Structure formats: structure tokens, C-alpha cells
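Undergrad: Before anything else, here's the structure in question.
The values are calculated or read from the model by the stated rules, or taken from the named source; none is laboratory data. It should be emphasised that the depicted structure is a prediction, and the values quoted were computed from it without experimental measurement. Every residue, glycine among them, receives a Cβ derived from its backbone with ideal geometry; neighbour counts consider all protein chains shown. The accessibility values were calculated without ligands, DNA or RNA, using every heavy atom of the protein model including side chains. Shrake-Rupley method; radii C 1.70, N 1.55, O 1.52, S 1.80 Å.
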Amino acid sequence: MTRRIDLLSKNPMGGIPLRRRVFALAAAGILPLALTAGVGLYAIRRQQNAQAERVGVELARSVATAVSAELRSSISVLETLATSLTLDTDDMVGFRDRAQRVSVPRPEWAAIQLADPAGTPLLDTRLPAGSPLMPLVERDSFDRVVRTRLPAVGDLSLHAQKEWLYAVRVTV
């Protein structure tokens, strides 16, 4: 008796269908590609986050520099106004006129106020002359200026006109 070996009729994969073999072959090719793409996307995301952080820090520094320069400029103008001769002679009408002329080219300024060391308001350029004056808002910076005789910037606070403002204060 002779045995006949038919190589074409045997399944060398041990009965695994062709569909599964093709799927396994495709997965073996796609899986490394997907893994590489995932690692690449992760690296790009980290790089973008780092770049966004750098841009944010640079923007914050730029804004801080601009705000600081604006505050220095405002303090300088107010210190110059504080040396006005009209204050030495208690000429409030003359000082009001001068203060209003100084504030016209500075639309970002809400008003120029003058108060005595006790905090009693003497003048407010937002109000017509002779109007009743409102009490000072954000008293901490005022007291600090009176105590130290150095310029100070107050905290952001809500004023009677429903505006959020901050005070830039100097001594007279």
C-alpha cells in the first residue's frame, strides 16, 4: 500500500481561515504604523504646549512692561500737577482748570481727585464745580500714600458711577 501525500489539500496553518490570516497580516502592518503615528502626535502635542506656554509668558511680560510704563507716565504727570502753584495759594478754581486740561489728552483717566490728608475730598474733575463730592473709594492706597509719601496704585474697585477703576495716587 502506498501512501499518497497531497500537499495541496492540507492547510499548513492548522485550520485557520484565510480571512483571519489576511486580517493578522494587515494588523501586523498597521499596528507599528499606528504606534509610530501616536508617538509622533504625542511629541507634536508636547511641542505645541511648550510653544503656547512660551508665547503666553512673552505676552504677559509685554503687557506687564506696557502697564508699568503707563503707570510710571501717569505718576510723573500727577507729580508734576501736584507741584502746581495754584495749590500753594489754595486756588481750587485754577487747579481744577489745570487738572482738566491735563486729563483731556488722557481719555483712559476717569478723573483727577484731590483730598486732604484726612481723606476729605476737595475736588473731583468728573463733577461740576460746587457739586457735593463723594467719599474716597479704596482707602488703603490713600492711607499708604499719606503715611509713606510715596506714589501708590490702588486695587481695582467699583465706584459710584458703576465703573471699575483703580487709583493712581501721589502726595501734594
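Undergrad: So I16 clears everything in (1) surrounded by 10 or more Cβ atoms within 10 Å (Cβ to Cβ); (2) in a helix (DSSP H, G or I) except one condition, right? Which one?
TA: In the conditions (1) surrounded by 10 or more Cβ atoms within 10 Å (Cβ to Cβ); (2) in a helix (DSSP H, G or I), I16 misses (2) alone.
Undergrad: Looking at (1) surrounded by 10 or more Cβ atoms within 10 Å (Cβ to Cβ); (2) more than 30 Å from A167 (Cα to Cα); (3) of a type in the set (A, V, I, L, M, F, W, C); (4) at pLDDT below 95, which one does A28 not meet, given that it meets all the others?
TA: Result: A28 passes all but (1).
Undergrad: Another question about this same structure. Restricting to the range 114-168, and then to whatever is touching a residue at least 60 places away in the same chain (Cβ under 8 Å) and not in a loop (DSSP other than H, G, I, E, B), can you tell me which residue is nearest to D91 (Cα to Cα)?
TA: Of everything passing the filter in the range 114-168, V168 is nearest to D91 (Cα to Cα).
Undergrad: I'd like the full set of residues that are of a type in the set (S, T, N, Q) and either loosely packed, with under 14 Cβ neighbours inside 10 Å or out of contact with any helix residue (DSSP H, G or I) (no Cβ under 9 Å at 6 or more places or on another chain) (or both), limited to the range 77-102.
TA: Step one: filter the range 77-102 for residues of a type in the set (S, T, N, Q), giving 80, 83-84, 86, 89, 100.
The answer is T80, T83, T89, Q100.
Undergrad: I need the full set of residues from the range 129-145 which are under 17 Å from S157 (Cα atoms) and out of contact with any Asp or Glu (no Cβ under 9 Å at 6 or more places or on another chain), in order please.
TA: Selection gives P135, L136, V137, R139, F142, D143, R144.
Undergrad: For V63, which of the numbered conditions (1) open to solvent by 90 Å² or more (accessible area, probe 1.4 Å); (2) modelled with pLDDT of 95 or more fails to hold?
TA: (1)
Undergrad: Suppose we keep only residues that are open to solvent by 60 Å² or more (accessible area, probe 1.4 Å) and among the aromatic types (F, W, Y) within the range 115-172. Which one would you say is nearest to V67 (Cα to Cα)?
TA: The selected residue is Y166.
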